[in-house]
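Shown next, in structure tokens, is the structure this report addresses.
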Amino acid sequence: MTDCRKVLGRMWEFLDGEIPQREAEEVRAHLVGCEHCNPQYKLQLRFLNALVRAHAAREVPRPEFVRRLREILGTIGSDLR
Amino acid sequence: MFDPTMPQSPATPDAKRAAFEAEALVHLDVVYRYALSLTHDRAEAEDLTQDTFLRAFRHWDQYTPGTNARAWLFTICRNQFRRRRERQAREEPTDTEELESLAAAALQASAVPPDAAEGFFETPELGDVLRKELDNLPEEFREVVILSDLQDQSYADIATVLGVPLGTVKSRLFRGRRLLQERLVEYARDAGLLPGTGGTR
């Protein structure tokens, strides 16, 4: 498994944790060690990390909304009694 | 509200509420953000979130404890969203599945020069740009990128949430990421964040 194109073709699945462990180790070893693939690997890691950071800064629901939803759920719950 | 055709649950109402609180309601923030990413509108996201949890509560007996509650909630949320949208539009996405070449081609085409990317992804304003570009992605790509990259769902769970084959999930995810990267590059060029890249075409 040293074919760069093949490894790059599996890179996203590797980053997504979607390939079996043994193969994942091979892919990772190549991505870390290959001069050609390593910059691509780092680039994709940065991209995915940036996405996660961007999303973490998204807003949370308003407290009034959370309270109202809980009230409604509570009401329905007691309808079952 | 109570469906007599449902299997008899041994859980008392209090136990049901406690279980719902512990396994479903803890995901309120996450579901709200998912709803927001679908609707792009705070008020609509609240309505959608509320629909989702009310529906989830009514159908709580269909949830298998210990399984992926988020994926289950996302499925409900998305179905509710679809239902709302169906009145307005109809669309039939098509898919191809040349995944390996797609993924590899995406990297060639993403055209972020790896060297220049060093500081690029740490640029302070990148977060805003990413959020905006993510919101602008075509829906079929956006929802997969959100579920995978932001909500950390597996391909298999995404396939369940969306009701599409696994290959379609991958195809849409890879295309979505590629589009997103291309748009980031465009933005970066315009803003002068990427130095002399020259060889884009």
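The values are calculated or read from the model by the stated rules, or taken from the named source; none is laboratory data. Because the structure is predicted, anything quoted here is derived from the model rather than measured. Note: ideal-geometry Cβ built from the backbone for every residue, glycine included; neighbour counts use all protein chains shown. Heads up: the accessible areas ignore ligands, DNA and RNA and are worked out on the full protein's heavy atoms, side chains in. Shrake-Rupley method; radii C 1.70, N 1.55, O 1.52, S 1.80 Å.
Spatially, region B:22-69 and region A:2-75 are offset by 22 Å when compared through their Cα centroids. Among the GluC sites (Glu not before Pro) in region A:1-42, those placed in a DSSP loop whose Cβ has at most 13 other Cβ atoms within 10 Å are A:35.
Extending 7 Å from the Cα toward the beta-carbon at both residue B:186 and residue A:67 defines two label points whose distance is 4.4 nm.
Could you compute how much accessible area chains B and A hide from each other, both sides summed, with a 1.4 Å probe? Nearest 100 Å² is fine. So the buried area, both faces added, is about 4800 Å².
Here's the list of lysines a cross-link from residue B:132 could span, going by alpha-carbon distance under 29 Å and ignoring same-chain residues fewer than 8 apart: A:42, B:170.
Under the convention that each Lys and Arg Cβ holds +1 and each Asp and Glu Cβ holds -1, the size of the dipole of region A:4-79 around its Cα centre is about 280 debye.
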